[in-house]
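J.: Quick one: this structure, given as structure tokens, is what I'll be asking you about.
The values are calculated or read from the model by the stated rules, or taken from the named source; none is laboratory data. Fair warning: this is a prediction, and the values are worked out from it, not measured in the lab. Positions of Cβ are generated from backbone atoms using ideal geometry, with glycine treated the same way; all protein chains shown enter the neighbour counts. Surface areas here come from the heavy atoms of the whole protein model, side chains and all, with no ligands, DNA or RNA. Shrake-Rupley method; radii C 1.70, N 1.55, O 1.52, S 1.80 Å.
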Amino acid sequence: MTIFRKTILSLILSSASCTVMAEAPKNCIGIRASFQPSWATSYGVKTSVRSGYMIGVIDQISLSRKLPFYLETGLSFTSKGYKIQGFDNSSTTINYLRIPLAALYRIPIGEHVSIQPSAGVYYAYGLWGRLHCQDNSINVFSEKSISKNDFGYNLGVALTINNFYIGVQYENGLIDIAKNDLIYPSQVSMLGYRSLKNYSFAITLGYTFNIK
């Protein structure tokens, strides 16, 4: 009798598992738009936060036939930056093309609802950027003040309802983007112009198209 019960339970669980797997798409294309507050650190000291945004497309590719495990990549335009207040009241805007690469897992919590934790890395290439300080406006790339290359990691979690997507993500730059201090060249420890690393937090809305 015990063996019979175990067999029935095993068949039920196997059937449920197959249902989840059958519903999991092999490939997904999505559009995303984010409100993205960003800031930087200089010698471990945090700057003030600057409002930014991100917009782009993503591609989720299934990595397993049995589990809803995906590789996510894509291309987006993102506007980051930071503010410094207290001694020069400057504001820096940096606009990037960004390519993410992340591992993502879908956890179904209903017929049309899932939670999607993710973790990965990103590479961003600077298109243009400006530093505004008092009455001065400086192109940070043409003046070689800030590197065009940025690289870091990101952690996120999202809720999907049918094809609608809402998520949050933390992004941490790993490389020093500062190259040449245009404001205080003789003072190497001034906040905001040396040893810079990007940080951001994004609140994202989107829509996903499932491709079987």
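J.: Does region 49-82 hold any residues that are free of Cβ contacts under 8 Å to residues at least 40 places away in the same chain and touching a Ser or Thr at 6+ places or on another chain (Cβ under 9 Å), and which are they?
T.: V49, S51, Y53, I55, V57, D59, I61, F69, L71
J.: For region 43-72, what are the residues that are buried (at least 16 other Cβ atoms within 10 Å of the Cβ) and either over 23 Å from I166 (Cα atoms) or of a type in the set (S, T, N, Q) (or both)?
T.: Across region 43-72, the qualifying residues are T47, Q60, S62.
J.: Out of all the residues in region 8-61, which are outside any strand (DSSP E or B) and modelled with pLDDT of 90 or more?
T.: Listed by number, the residues that qualify are Q36, P37, V49, S51, G52.
J.: Does any residue in region 114-127 that is over 20 Å from I166 (Cβ atoms) and open to solvent by 20 Å² or more (accessible area, probe 1.4 Å) come within less than 9 Å, Cβ to Cβ, of a residue that is in a strand (DSSP E or B) and among the hydroxyl-bearing types (S, T, Y) six or more places away or on a different chain, and which pairs are these?
T.: Close Cβ pairs satisfying both conditions: V121/Y153; Y125/Y96; L127/Y96.
J.: Can you name every residue in region 153-212 that is acidic (D, E) and either modelled with pLDDT of 95 or more or under 22 Å from Y122 (Cα atoms) (or both)?
T.: E171, D176, listed by residue number.
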